Each structure stands twice: as C-alpha cells, then as structure tokens.
Amino acid sequence: MNFRYRFFAFLSIFLVVLLLRAPSKAEVLRMIGPEDVGGAWAEVIKRFHERHPLIRVNYISGPWSTDERQNMYIRSFLSGDPVELVYMDVTWTAKFAAGGWLLPLDEWFTPEMQQEFLSGAVKAGYYEGRIYRVPVRADVGMLYYRRDLIPKPPRTWGEFERICQRYSRPPDVYCIVFQGMQYEGLVCDFLEYLWGAGGEVIDPKGRVVLDSPQGLEALKFMRKLIERGWAPKAVLSFQEQHSLSAFSQGKALFMRNWPYAWTILNRQDSPLRGKVGIVPFIHKEGHESVGTLGGWGLGIARGVKEPERAWKFIEFATSTEAQKILHFRRGAVPSRKALFFDPDILKVSPHYRDLYEIVMRARARPVHPDYPRISDTLQKHVSAVLAGVEGPEEALKIMARSIEGTLRGREEGYLKRIAIDYDLRRTLLNTVLFTSISVPLEFILGLLIALLLTAQFRGRSFVRLAVLIPWALPTAVMAMSWQWMFNNPFGVLNDLLVRVGLAERPFDWLSSPSGAMFAAIFADLWKTTPFVVIILLAGLHSIPQELKESISIDGAGPLRRFFHLTFPLLLPFVRVALIFRIIHAAGIFDLIWVLTKGGPADSTRALCIYIYEVAFRYDELGYAIFLTVLFLLALIGMSFLIVRLTTLGYERT
Ligand code: GLC
C-alpha cells in the first residue's frame with residue numbers, strides 16, 4: 001500500500017516536471033497586431049520565410065483597439081510565456097521597458113541606423129537612455145475633407161465652424177466624424193484640440209497643467225461638435241474604422257483620422273476616389289496645428305531564447321522593402337525618411353512630400369511608465385464630457401487631480417500614496433454608496449418577504465423555492481440579462497415604462513452615472529435579497545412557539561410582538577446575514593464588471609475593480625496587495641463591530 005502511494009507520488013511529480021520542462025511554442029516567433037488588412041503582414045512574413053526558412057513567424061490577429069492589444073501583451077509578460085515579438089504603439093515603450101519586459105536593442109539598432117528613420121519615431125523607442133523599439137511605421141493625426149463639396153479646407157476652428165454651418169446637413173451629411181469611443185484613439189483626438197489651443201497635459205517641468213483655460217476651450221469645442229449635431233452622437237462609439245466607414249459612405253464632410261485612410265479612400269472600388277483632400281488638423285485662431293504622433297514598432301520580449309532570430313525579423317520588417325509592402329497594401333506611413341520622397345510611393349500618395357513636414361512636427365503623447373493610467377483618466381472624462389454626463393470644468397479638475405496622483409504616486413510610500421490617490425477615493429465612495437444603499441434595502445425587503453413566507457398559505461413551499469431562483473443564478477449571466485433589460489432604447493424596461501406612460505422616452509440607464517448606479521443596485525437587490533430571506537426565515541422558525549404564545553397571552557399586539565420578541569431573537573441571524581452581505585457588497589466585482597465595466601465616467605467603478613486594474617493593467621502588484629490587506633482589515637474590524645452591537649442587543653433581551 002505504502003509502496004503504491006509512493007510510486008504514484010513519484011509518477012505525478014515526474015509528470016509535472018516533464019510538463020514544466022516541455023519546450024513551449026518551439027521555434028516559432030509570435031507577434032500580435034490588428035487584423036491583417038490587405039494581407040500586408042502575410043506578404044512581409046512570406047518574403048521573410050523565403051529568406052530565412054529556419055525561422056518561423058506567426059502573426060496573431062488581435063483586436064483593433066491598441067489598449068486591448070496592449071493588455072494582451074501585458075498578460076503574456078505576466079504569465080511567464082511572453083509573446084516574442086512585441087509590436088508596440090509609440091506609447092507603450094516606457095511602461096514595457098520600465099517593467100523589465102523588453103530586451104534593449106542598442107547593440108543591433110545602432111545610432112547610424114537610427115539616422116535613417118524619422119527622429120520622433122526613433123525617440124519613442126527610448127527609455128532611460130536605452131533603445132527598445134525599432135519603428136515599423138509612423139502616424140500622425142490629419143484632417144480629411146471632401147474636395148468635391150468644400151471649396152477650401154479650413155485651418156482654424158472658426159473657419160471649420162463656418163463651413164459646418166454652411167455645408168453640413170445632419171442627419172444626412174454631418175460635418176465631422178472622429179474617434180469618440182472611450183479608448184486610446186479619443187486621447188489622440190483630444191490632444192489635437194488641446195495642443196491646437198496652446199494647452200498641455202504635463203509641462204516640461206513635469207507639472208500637470210491640464211486644468212487651464214486652453215483645456216476648457218478644447219473640451220468645450222469638442223462638446224459643441226456633438227451638441228450642435230455637427231458630429232453624430234454615434235461617434236461616442238467610433239474607433240478609426242467606424243469613422244472611415246461613415247466618411248466613405250458620404251455621411252460627413254470631414255474626418256479626423258491617420259494617413260492610412262487615404263490609400264483605402266482612393267482604391268479602385270472606393271466611391272470617394274479622387275474626391276478627398278488631406279490637410280493638417282485644425283487649430284484655434286492664433287495657435288498652430290499639431291498632429292498627435294502615432295506609430296508602431298517592433299521590440300523583443302525579455303527571456304526569448306536566441307534573440308538574434310527575432311532581430312533578423314525586425315531588421316526585415318523595418319526594411320525599405322517591407323515598409324513599401326505595408327504602405328501599398330494597407331496605407332501604412334513609412335518610418336524611413338527616404339521613403340517620403342520615393343517615386344513609387346509618390347505615384348500613389350502624392351501628398352507624402354508634404355506629409356514629411358507634418359510628421360516631423362507631430363507631438364508625442366506624455367512619455368511615462370504610467371501612461372496607461374494617465375490615458376485611462378483622459379479617456380474616461382473626455383468621453384463623459386462628450387456624452388454630456390460631466391461638465392468640462394468638472395472633468396478638467398478631476399483629470400488634473402487624478403493625473404497628479406498618478407505622477408506622484410510612484411515616488412511616495414504606499415501610505416502617503418493613499419492620501420493622493422484620487423481613483424482610490426472615488427472608487428471607495430462608489431463602494432460605500434453601493435453598499436450603504438443596497439444592504440439596508442435588502443434587509444427591509446428580505447425581512448418583509450421572510451415574514452410573509454412564515455404565514456400559512458397554499459403553495460407556500462413552491463413560493464419559497466421560487467424566491468431562491470435569482471440567488472441560484474450565476475452572477476455573470478444575470479448581469480448580462482440585466483444589461484439587455486436596461487438597454488436604451490431596445491431594453492424591455494424602457495419599453496414597459498414608455499408603454500405604461502411612466503416615462504415619455506427611453507431612459508439612459510447604463511449611460512448616465514446615476515442611472516448606472518441605480519441599475520447596479522437594482523440588479524444586486526434582485527440577486528441577493530433571497531439570501532437574506534433564507535437566513536431570516538431560518539431565524540423566524542427558530543423562535544419557540546411557547547414564547548410567541550405567552551407574549552400573545554400577555555396581550556401584546558403584532559407590533560409589540562415583533563419589536564419585543566421576534567426582532568431581538570432574530571438578531572443572531574441578522575448578524576450573520578449582515579456580515580455576509582456587507583462583505584459581499586463591499587467586495588462587489590463580477591456584477592458591475594459585466595453590467596457597466598465601472599462606467600460611465602467611473603460612476604460605478606467599485607474598489608475591487610480598481611484593485612484588479614492596479615494589479616493587472618497598471619502592473620503595480622505591491623500597491624494592489626497593500627490595498628487588499630487594508631480592505632481585509634477594514635472588513636474584519638467592521639465584522640467585529642457588528643458582532644459586538646448585535647450581541648449586546650441580544651443579551652439585553
Ligand atoms: C493608431 C496610431 C497609434 C494610436 C492609435 C489610437 O494606430 O498609430 O499610435 O495609439 O491609432 O487608436
């Protein structure tokens with residue numbers, strides 16, 4: 001017997017070791033990029049394989065949004081199985097390099113080689129004096145306009161407004177479409193208005209100067225585009241490809257986008273071929289036009305075996321040959337200077353000669369290891385202003401405070417940091433609000449239902465069972481159902497309210513801050529009141545019949561019976577239910593994550609969602625653990641307090 005145990009133990013250890021040692025993803029180098037439009041990357045990789053048959057590259061098509069692809073890379077680094085070729089946006093270098101996830105490329109990408117590339121694109125690959133990224137393609141925000149409909153493109157906000165007033169005909173033809181969704185693209189768009197008004201997020205001395213008259217002008221101008229109906233409300237859910245599709249269908253006179261769209265708009269089958277012009281983005285009178293610097297480059301993940309192989313691919317993917325393929329097939333702007341004057345490229349993109357100057361003047365987004373966090377703050381609040389749920393002044397103040405907290409955060413110890421962590425304060429308040437409304441309501445409702453269920457009536461067992469159903473359903477499934485029910489305008493709730501005459505038009509449940517908090521509390525009530533019911537019902541049944549009878553004989557009415565007998569004897573049960581419910585409500589994650597993801601504008605972002613993001617999006621495990629421990633201590637303290645209070649009441653009785 002003993003021998004058999006030992007044998008199996010040995011066998012399992014052997015198998016685990018074998019599994020752990022198994023070579024992962026053998027010799028294949030993986031990279032994650034957006035959908036391979038035009039098969040451009042497939043062609044680059046095919047040509048590379050022809051030259052280097054022993055090295056295999058696997059292009060993984062990821063989501064369009066840069067943030068989501070960044071999260072995919074971060075997860076791969078944290079998992080210990082990093083994706084070998086890191087195809088990075090300009091804004092990722094600082095974070096990835098500071099995280100120790102990238103291999104420095106100085107020995108391969110020498111200063112002489114760097115000379116051949118656009119200086120801004122090269123600079124985006126540096127972090128603390130070392131280079132980690134070779135630019136594959138550059139990008140700069142531009143204004144596209146309908147050359148066939150507008151006599152002269154605008155340069156300033158004022159000229160732009162006049163054209164909108166005169167030529168746009170919403171809802172058939174809007175004035176402009178842009179990237180208004182809550183994601184990185186919105187930050188790029190916002191910065192062009194901010195810089196174009198002479199503003200900044202962080203000044204060269206590292207001070208946060210966003211909350212300024214220029215910031216206000218930029219936000220107000222963007223909001224005005226929607227308020228006046230010059231941009232469709234739908235831009236709130238637009239990324240680059242949605243804007244391009246609306247513009248190609250003739251739905252707008254202008255579009256803010258990157259230069260790649262030119263190639264697509266001028267394809268043989270494009271209805272707008274030859275009808276579109278492209279100019280620098282508009283700016284406020286008296287200031288200059290500044291495009292956001294974008295672009296993509298390749299780096300190597302630390303820990304890759306034989307990094308020379310990865311370097312061979314990077315060398316080829318950034319060569320003149322590869323950059324031309326990427327340009328012709330998907331309109332990518334080259335990162336090699338000479339290509340802006342290349343006859344083949346000028347033949348299809350004659351504006352490239354001028355584009356060179358514009359790209360050279362493009363401005364980079366703030367460079368900081370915490371850029372994802374800075375960007376998240378900007379995304380949330382600019383989006384809230386566009387949606388009309390936050391005023392520009394309020395949004396600017398919150399953004400500035402939150403970014404200040406982020407910048408100072410890493411320098412401070414954890415304790416001090418708590419004091420300046422704006423996101424922590426905000427999410428804590430949301431959590432307290434959520435808990436302090438949902439738990440008492442659940443108790444009142446739960447107690448009423450439990451009292452009703454003690455009465456004798458036909459079908460009581462069935463009703464008792466039915467009451468439990470919401471509690472038995474998986475939270476994620478339930479939250480998804482509520483998401484549909486609260487939907488505007490297609491949800492059943494809005495439909496009912498309008499039909500019954502309680503509302504004139506559909507209500508913005510999930511896209512307004514108070515509506516979203518209400519929806520979250522409502523869904524939670526529905527889901528967890530049954531839990532309170534079961535516990536209180538058990539308590540009610542445990543009260544001895546003789547006691548009830550004797551207090552009735554003493555002539556006590558129902559109210560006196562309840563307050564002098566039932567409730568005090570229920571206290572031990574109330575105590576259990578209360579502790580469970582408070583712990584659960586304060587630690588809410590799944591319901592809100594599925595229902596609203598914490599939005600809009602952070603109005604439902606609970607503490608645990610924040611802690612999760614600190615750990616896995618901002619990669620600050622230490623701070624996340626510190627917050628978790630504090631949270632745990634607070635819950636333990638509160639549980640003691642509840643026990644103390646309810647015990648005193650019980651003993652007195
Ligand atoms: C483009 C840019 C990139 C930017 C992104 C935003 O891909 O090249 O720098 O972050 O758009 O959507």
Taking the alpha-carbon centre of each part, the distance from segment 190-216 to segment 438-513 in Å is 46 Å
Using the structure shown, select from Lys251/Lys597; Lys284/Lys397; Lys220/Lys597 the pairs with a Cα to Cα distance greater than 29 angstrom. Lys251/Lys597
Please list the non-local residues whose amide H lies under 5 Å from the amide H of Val140, H modeled 1.01 Å from N, same-chain partners needing a gap of 5 or more. Gly294
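Measure off, as a whole percent, the carbon and sulfur share of the 1.4 Å-probe accessible area of segment 434-570, all protein chains present.
Details: 5610 of 7990 Å².
Taking all protein chains in place, segment 434-570 shows 70 percent carbon and sulfur surface.
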Of Ile282, Phe238, Pro271, farthest towards positive along the dipole that unit charges on Lys, Arg, Asp, Glu beta carbons give segment 210-294: Pro271
With the radius of gyration and the Kirkwood radius both derived from the Cα set of segment 172-290, what is their ratio Rg to Rh? 1.00
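Please get the size of the charge dipole for the chain, origin at its Cα centre, with Cβ charges of +1 on Lys and Arg and -1 on Asp and Glu, quoted in debye to the nearest 20. Please report the intermediate quantities before stating the final value.
Working: 76 positive and 64 negative charges, 171 e Å.
It comes to approximately 820 debye.
Taking R0 as 41 Å, what's the FRET efficiency between Glu315 and Lys220 from their Cβ-Cβ distance, rounded to 0.05? Let's see the in-between values first.
Details: r = 48 Å, r/R0 = 1.16.
Calculated transfer efficiency: 0.30.
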For the chain, just give the cysteines left without a disulfide-compatible partner, judged by no other Cys Cβ under 4.7 Å. Cys188, Cys608
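Quick one: pull the percentage of alpha-carbon pairs in segment 117-238 with a separation above 17 Å. Walk me through the numbers on the way to the answer.
Working: 4939 of 7381 pairs.
Counting pairs separated by more than 17 Å, the tail of P(r) holds 67 percent.
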Rg/Rg_globular for segment 235-328, with Rg_globular taken as 2.2 N^0.38 Å and Rg from C-alpha atoms: 1.48
Using θ = phi - 60° and the Karplus form 6.51 cos²θ - 1.76 cosθ + 1.60, what ³J(HN,Hα) does each residue of segment 295-301 get, whole Hz, x for Gly and Pro? x, 10, x, 10, x, 10, 5
In debye to the nearest 20, how big a dipole does segment 364-517 give about its Cα centre with +1 on each Lys and Arg Cβ and -1 on each Asp and Glu Cβ? 420 debye
Could you tell me how many degrees, from 0 to 90 and to the nearest 10, lie between the Cα long axis of helix 607-616 and the main elongation axis, the longest principal axis, of the Cα atoms of the chain? 40 degrees
With a Förster distance of 45 angstrom and the Cβ-Cβ distance between Asp495 and Leu559, calculated FRET efficiency to the nearest 0.05 equals 0.65
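Given R₀ = 22 Å, what would the calculated FRET efficiency be for Glu116 paired with Arg51, taking r from the Cβ atoms and rounding to 0.05?
Numbers: r = 20 Å, r/R0 = 0.93.
After rounding to 0.05, the efficiency reads 0.60.
Per-residue ellipticity at 222 nm for the chain, helices alone: DSSP H runs ≥ 4 residues times -39500 (n - 2.57), over residue total, nearest 500 deg cm²/dmol? Numbers along the way, then the final one.
Details: 30 runs with 369 residues, N = 653.
Rounded to the nearest 500, the figure is -17500 deg cm²/dmol.
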State, to one decimal in nm, how far the label point of Leu429 lies from the label point of Gln165, with both points 7 Å from Cα in the Cβ direction. 3.9 nm
Euclidean distance of C-alpha centroids, segment 60-83 and segment 93-159, integer Å: 20 Å
In Å, what Rg and Dmax follow from the Cα atoms of the chain? 30.2, 105
Over the Cα atoms of segment 419-652, what radius of gyration and what Dmax do you get, in Å? 20.7, 66
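Taking K and R as +1 and D and E as -1, what net charge do the other residues with C-beta under 14 Å from the C-beta of Glu288 add up to? Intermediate values should be presented prior to the final figure.
Values: positive: Arg155, Lys284, Arg361, Arg363; negative: Glu192, Glu200, Glu285, Glu357.
That works out to 0.
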Whichever lysines have a C-alpha closer than 27 Å to that of Lys46, once near sequence neighbours (fewer than 8 apart) are set aside: Lys25, Lys305, Lys312, Lys324, Lys337, Lys347
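The values are calculated or read from the model by the stated rules, or taken from the named source; none is laboratory data. These figures come from a predicted structure and were not determined experimentally. Virtual Cβ from ideal backbone geometry, glycine too; neighbours counted across all protein chains shown. SASA here: full protein model, heavy atoms, side chains in, ligands and nucleic acids out. Shrake-Rupley method; radii C 1.70, N 1.55, O 1.52, S 1.80 Å.
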